[in-house]
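Novice: Can you read through this structure? Questions will come right after.
The values are calculated or read from the model by the stated rules, or taken from the named source; none is laboratory data. Remember, it's a predicted structure, so these values are computed and weren't measured experimentally. A quick note on method: Cβ atoms are made from the backbone with ideal geometry, for glycine too, and the neighbour counts reach across all protein chains shown.
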Amino acid sequence: MLLFIVKRVTIGVFLIFLVAFLVFCGVYAVGNPVDILISPLATQEEVQQTIKAMGLDLPLHRQFFRFLGNTLQGNLGNSFIHSEPAVDIILRRLPATLEIAFFAMLLAILMGIPLGLFAGLNPNSTRSRGIMAGSILCFSLPNFWIGLLVIMVFAVNLGILPTGGRGETVDLFGIPFSFLTLNGLKHMLMPAFTLSLFQIALIIRLTRSGTRETLNMDYILYARARGLSRQRVVFVHLLKNILIPVVTVVGLGLADLIAFATVTEKVFSWPGVGRLFLDSVVNMDRPVIIAYVMMIVMIFIGVNMLVDIVYSILDPRIRLGGRKH
Amino acid sequence: MTGNTMENLLEVRNLSTFFDTRKGVLKAVNDVSFDLKKGEILGLVGESGSGKSVTALSIMGLIDPPGYIAEGSAKFAGCELIGMPEEEKRLLRGKRIAMIFQDPMMSLNPVLRIDTHMVESITAHRKTDRKEAVKKAVEVFRKVGIPSPEKRLKDYPHQFSGGMRQRVAIAISLLHNPELIIADEPTTALDVTIQEQILYEIERLSRENNVSLIWVTHDIAVIAGLAHKLCVMYAGKIVERGTTDEVLDNPAHPYTKGLIHSLPEMNTRGKPLQQIPGMSYSPIDLPPGCAFKERCPLADISCEQNPGVTKISENHHVCCFHPLM
Amino acid sequence: MSQKKRINRLALGDTPWKRLAGEFFESRLAVLGLILCIIILISGSFAPWIAPQNPYDLATLNILDSKLPPFSKGTDGMVHLLGTDEQGRDLLSAILYGLRTSLFVGAVSGGISLVIGVSLGMLAAFYSGRVESFIMRLVDLHLSLPAILVAIILVAILGQGIDKLIFAIVVVFWAGFARTVHGVALAEKNKEYVEAAVNMTLGKLNIAFKHILPNCLPPVIVVATMRVATAISLEATLSFLGVGLPVTKPSLGLLISNGFDYMLSGRYWISFYPGVALLITVIGINLVGDHLRDVLNPRLKR
């Protein structure tokens, strides 16, 4: 187990640097940040000075090593636009994104598992068909468009929810959170719901197909043949087997939500890292783009590792001696 | 029907279980009748697809849509099982009628420990605390010959060998001292040497506890020395039934004769194994008349009609127009 | 009724494709999806002949017609069934042309990533060792990054344009195909018919593509149908975020994006109807793919 974790961490660290390099090269290839940074009125000398100060005159590999060295010290450079450390900006914006991502995942679990279970247990009922049709709808609908529709209905037509923004926040451990105030919750509801739709659909489908496959298993029949109550069969024998794949999806889904929040944040003007990233992409604010991507990759790798560990705890067949396949 | 009705533990009359499939109605069990006395062992023999497992599941009340019991009755200790409310059936299952499945690998839930299986099987029918239940589990484990039961209870199913797992299943079936055990090919998935042990074990336990046994198998050799009575099934119907000795010594149905003669022991060394010519029918859209007629060497025009039951002797009946005497 | 015939039919059975088709058409939802797909495909392909107006021809546009609600009459007397956008374009025409663009992007990027992914996946399954570990590590790396971000960064770096967008989508998608095919091919590889083919000393590539590939197709088909839908959705999302297609050739996503600003002022149709078109497209494809998955999944056989 320890060896497994060490191996995963090593691969993870390697992956982060690989991605950093790729993104660095990619971003390096286009746009001249000097044009954005320096006022057109600046003299040639001033321009040269700035370029030198930022190390932009060095060849690509030198720039990368310089960047690498700084990164190892936790310094990902100053934002070109905001002229403060990129890491600081990202960390300041991150709680808003995490808040909405977690809220969305909570919604997805609370809705997805019961609905999927119901649809799997009664595959031919009208309600199940409705649930499945709905899940296909959630899967198919481009997320940003749902966001627009929701705004149109609840904010514009009905006027019961705000169109965007974060609303009132309350500081917890020095970090502002929306979910602690009613107004903040109101602001969170639409973006979190929109963001969670895809995950709801995913969990519904996974739970349903898991249920249907598991119901065909001999051990379910055997459990019934032993006279166990229906509740016991469904909520212990069935659910425990289904939860294994669902946990994987929930874990990876959380990372996905953080990444996909980019779109939702744009639709609902939610001041998280996703919007910051989009703005940075448009402005070619290299340090922020790279810092953001590295953060996302780290989250992805961390979540992946966590999922593997939880998985092995849930499935006793894997717990002893390596993974199957 | 022979024998005093009062002695019969189980009376199955004209039981028919159908499945609605895309291609038509599959008559998995078609007009099946038999009796079982207390302490008696009944062998239900037939090739795969002949409806023997479905017969067992119909008695257990475990037929799910698209399957349904079209007609007939099954009286267990005087109570009608067909149409009994689900909760009453549940209380019978595992308590008064226990079932052992073919593949012990598949019938135990892989993510639950053995003690969970044991304890839930006990508490499903008897209000006891966990400690008491574990004690009972250890006791039955000893009875079926599982070494160091306290330790093994903490294991997961995949940590048991096939033979041991089947012993677990037998132990579970004995938890509530049932009056009837239905064993669906309990030795088929095991090695030949283990088969013998399990066979012996079940026979001993049923004799010691005066339990009636329905032994479902495709291997007539397995139960030849075990069963008191045999029912031979073909295409959903019982084509021959009688005491084991009479059926094996004087098979009256051409199919039974074919079955017996295709056993390796019955053939002389050096000669090719005897076979029954032709293939088994798909039980969908069975044509009228005897289902075996296409493969039967004795078939003639009369076989286009449904053969009635012919009495060979007091305890030996056959469904054939041309019974072998 | 002839007994012989009956036995023949039972023995031979239906062909697998016939059986699948039979099961497929059993579901009304799937048939609905198929019909939607066909309608969308036809209206997208024949947009220049169906559309009442050429939305790219600036000469026919009149700024006085801008933002007309549905069913209103334009200055030239034309009735705009779905209204007009901010440039006075007939929305129905714009949608049909946008659909064409979206379908094109979806199909081409789906197709290219299918070919690349399947080839690499098969290669990895058949040349175990370095080739396999290299390809599969690459796939792992790829799938460990969120698709939407990779696409955003790529398009941001490459600039706007259909070709660049397709390139970005292919880069995002090929890995998924490779993993699916690799997994299925590995399972197939150990089956007896492959051993038989190997014993007949058929070439490795021959075995891979002639014998194993057809058996790997079912899951690939399902993934591919779903992927086309995802590609269309992704294209729309990127265009919405402003990093996708150029404004001159609006796809559905861009039309939705353009209408976004007017939505809050109640001119919902500019954004709404393109969204409906996008929705119908993606739902149609997904309904078909979803049911294909059920039909092709042997673990759900009754």
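Novice: Yes or no: B:I63 part of a loop (DSSP other than H, G, I, E, B), touching a Leu at 6+ places or on another chain (Cβ under 8 Å) and touching a residue at least 24 places away in the same chain (Cβ under 8 Å)?
Specialist: When the stated conditions are applied, B:I63 passes them.
Novice: Still on this structure, please answer the following. Using beta carbons and a limit of 7 Å, which pairs, at least six apart or on different chains, have the first residue in region B:74-97 and touching a residue at least 60 places away in the same chain (Cβ under 8 Å) and more than 9 Å from chain A (Cβ to nearest Cβ) and the second one polar (S, T, N, Q) and part of a strand (DSSP E or B)?
Specialist: Final answer for the pair search is B:I82/B:S73.
For every residue, the table says whether it meets (1) within 24 Å of A:Y292 (Cα to Cα); (2) modelled with pLDDT of 70 or more; (3) under 28 Å from the mean Cα position of the chain (by Cα); (4) part of a loop (DSSP other than H, G, I, E, B).
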residue: A:K7; (1), (2), (3), (4): no, yes, yes, no
residue: A:I11; (1), (2), (3), (4): yes, yes, yes, no
residue: A:V23; (1), (2), (3), (4): yes, yes, yes, no
residue: A:Y28; (1), (2), (3), (4): yes, no, yes, no
residue: A:V34; (1), (2), (3), (4): yes, no, no, no
residue: A:E45; (1), (2), (3), (4): no, yes, no, no
residue: A:Q49; (1), (2), (3), (4): no, yes, no, no
residue: A:L56; (1), (2), (3), (4): yes, no, no, yes
residue: A:R62; (1), (2), (3), (4): yes, yes, no, no
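Novice: On to the next question. Residues in region A:203-210: is at least one in contact with a helix residue (DSSP H, G or I) (Cβ under 7 Å, 6 or more places away or on another chain), charged (D, E, K, R), away from chain B (no Cβ under 14 Å) and under 25 Å from A:T262 (Cα atoms)?
Specialist: Yes: one or more hits.
Novice: Would you kindly identify the helices (runs of 4 or more DSSP H) lying entirely within region C:1-117 that contain at least 3 residues that are modelled with pLDDT of 70 or more and over 17 Å from the mean Cα position of the chain (by Cα)?
Specialist: C:16-26, C:28-45, C:47-50
Novice: Can you report the number of residues in region B:205-224 which are out of contact with any strand residue (DSSP E or B) (no Cβ under 9 Å at 6 or more places or on another chain) and over 19 Å from B:L36 (Cβ atoms)?
Specialist: Final tally of qualifying residues: 1.
Novice: Return yes when C:F272 is within 11 Å of chain A (Cβ to nearest Cβ), closer than 20 Å to A:F268 by Cβ and at pLDDT 80 or above and no when it is not.
Specialist: yes
Novice: Which condition from (1) outside any helix (DSSP H, G or I); (2) within 13 Å of chain B (Cβ to nearest Cβ); (3) surrounded by fewer than 23 Cβ atoms within 10 Å (Cβ to Cβ) is the one that A:S269 breaks?
Specialist: Looking at each condition in turn, A:S269 falls short on (2).
Novice: Is it the case that region A:165-173 has a residue that's within 14 Å of another protein chain (Cβ to nearest Cβ) and over 17 Å from A:F277 (Cβ atoms)?
Specialist: yes
Residue-by-condition table, conditions (1) surrounded by fewer than 17 Cβ atoms within 10 Å (Cβ to Cβ); (2) part of a helix (DSSP H, G or I); (3) more than 11 Å from chain A (Cβ to nearest Cβ); (4) among the small types (G, A, S):
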{"site": "B:L112", "(1), (2), (3), (4)": "no, no, no, no"}
{"site": "B:H125", "(1), (2), (3), (4)": "no, no, no, no"}
{"site": "B:E132", "(1), (2), (3), (4)": "yes, yes, yes, no"}
{"site": "B:R142", "(1), (2), (3), (4)": "yes, yes, yes, no"}
{"site": "B:I146", "(1), (2), (3), (4)": "no, no, yes, no"}
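Novice: Name every residue in region C:142-163 that is over 14 Å from A:L22 (Cβ atoms) and not in a helix (DSSP H, G or I), in order of residue number.
Specialist: C:P146, C:G159, C:Q160, C:G161
Novice: When A:I289 is evaluated against the numbered criteria (1) in contact (Cβ under 8 Å) with a residue 24 or more places away in the chain; (2) more than 10 Å from every other protein chain (Cβ to nearest Cβ); (3) of a type outside the set (G, A, S), which criterion, by number, is the only one it fails?
Specialist: The number of the failed condition is (2).
Novice: Can you confirm whether B:G61 is within 11 Å of chain A (Cβ to nearest Cβ) and touching a helix residue (DSSP H, G or I) at 6+ places or on another chain (Cβ under 7 Å)?
Specialist: Considered against the rule, which asks whether it is within 11 Å of chain A (Cβ to nearest Cβ) and touching a helix residue (DSSP H, G or I) at 6+ places or on another chain (Cβ under 7 Å), B:G61 comes out as yes.
Novice: Next question. Out of the residues in region A:111-149 meeting the condition of being without any contact (Cβ under 8 Å) to a residue 60 or more places away in the chain and crowded, with 21+ Cβ neighbours inside 10 Å, tell me which one is farthest from the other protein chains (Cβ to nearest Cβ).
Specialist: It comes out as A:I146.
Let's see how each residue does on (1) away from chain A (no Cβ under 11 Å); (2) of a type in the set (G, A, S); (3) without any contact (Cβ under 8 Å) to a residue 24 or more places away in the chain; (4) touching a helix residue (DSSP H, G or I) at 6+ places or on another chain (Cβ under 6 Å):
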site	(1), (2), (3), (4)
C:L213	yes, no, no, no
C:I232	no, no, no, yes
C:F260	no, no, yes, yes
C:T281	no, no, no, yes
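Novice: Quickly run through region B:310-325 and pick out the residues that are farther than 16 Å from B:K293 by Cα and either among the basic types (K, R) or modelled with pLDDT of 80 or more (or both).
Specialist: B:T310, B:K311, B:I312, B:S313, B:E314, B:N315, B:H316, B:H317, listed by residue number.
Novice: Please work out which one of (1) more than 16 Å from B:G39 (Cα to Cα); (2) within 14 Å of chain A (Cβ to nearest Cβ) is the condition B:L174 fails and give its number.
Specialist: Result: B:L174 passes all but (1).
Novice: Those residues that are crowded, with 18+ Cβ neighbours inside 10 Å, in a helix (DSSP H, G or I) and within 27 Å of the chain's Cα centre (by Cα), I need them from region B:148-162; list them, please.
Specialist: B:P157
Novice: Looking at (1) surrounded by 22 or more Cβ atoms within 10 Å (Cβ to Cβ); (2) in a helix (DSSP H, G or I); (3) within 11 Å of chain A (Cβ to nearest Cβ), which one does B:A137 not meet, given that it meets all the others?
Specialist: Failed condition: (3).
Novice: Only residues that are assigned to a loop (DSSP other than H, G, I, E, B) and touching a strand residue (DSSP E or B) at 6+ places or on another chain (Cβ under 9 Å): list them for region A:191-233, please.
Specialist: A:R226, A:G227, A:L228
Novice: Here is a follow-up. Looking at (1) assigned to a helix (DSSP H, G or I); (2) surrounded by fewer than 17 Cβ atoms within 10 Å (Cβ to Cβ), can you tell me which one B:T188 breaks?
Specialist: (1)
Novice: Could I ask something else about it? Please tell me if C:L143 is among the aliphatic types (A, V, I, L, M), more than 17 Å from C:P219 (Cα to Cα) and at pLDDT below 80.
Specialist: yes
Novice: Name, by its number, the condition in (1) hydroxyl-bearing (S, T, Y); (2) within 10 Å of chain B (Cβ to nearest Cβ); (3) more than 29 Å from B:S107 (Cβ to Cβ) that does not hold for A:T194.
Specialist: All conditions are met except number (2).
Novice: Also, quick follow-up: With the condition kept exactly as written, say whether any residue in region A:234-242 is of a type in the set (D, E, K, R), assigned to a helix (DSSP H, G or I) and within 13 Å of chain B (Cβ to nearest Cβ).
Specialist: Within region A:234-242, one or more residues are of a type in the set (D, E, K, R), assigned to a helix (DSSP H, G or I) and within 13 Å of chain B (Cβ to nearest Cβ).
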